[in-house]
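Down below is the structure, laid out as structure tokens.
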Amino acid sequence: MELSVTTSHQDDVSVVTAEGEVDVYTAAQLRQTLDQEIADGRTKVVVDLDKVTFLDSTGLGVLVGRLKLVRNDGGWLRIVCSSERILRVFRITGLDKVFGIHDSLDDALAA
């Protein structure tokens, strides 16, 4: 399956929405989009994974790497995810303790 990545902005927050599978073949697309937002000075980022059907360690690595980048600039990266299948990946790796994970975009923006 393909990966679709789109970006929108809500005030000073970048919202990056992924749809499809984030794996070794598609993670570069997500990385590229996030890197462009960060390069543009946007260090408050919400990554919406609600329409992601699969997430592997490569995708997690992209998210962890970008979290470090935005934190170095005083920013944050929050995750939107309500899929039990994807949340399980965060729990198994312990990354549910590292990322702010929210049920909806509204919750992530309000946090």
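The amide H of Val80, built 1.01 Å from its N in the peptide plane, has Val47, Asp48, Leu49, His102 as neighbours under 5 Å, considering only residues 5 or more places off or on other chains. Straight Cα distances below 18 angstrom link Lys68 to the lysines Lys44, Lys97, with same-chain residues fewer than 8 positions distant left out.
Taking every C-alpha pair closer than 8 Å and separated by at least 6 residues, the mean separation divided by the residue count of the chain gives a relative contact order of 24 percent. Computed with a 1.4 Å probe over protein heavy atoms only, the accessible surface of segment 1-106 comes to 53 Å² per residue. Over the chain, the Kirkwood radius and the radius of gyration, each from Cα atoms, give a ratio Rg/Rh of 0.92.
The values are calculated or read from the model by the stated rules, or taken from the named source; none is laboratory data. Remember, it's a predicted structure, so these values are computed and weren't measured experimentally. To get the accessible areas, we keep the full protein, side chains included, count just its heavy atoms, and leave off ligands, DNA and RNA. Shrake-Rupley method; radii C 1.70, N 1.55, O 1.52, S 1.80 Å.
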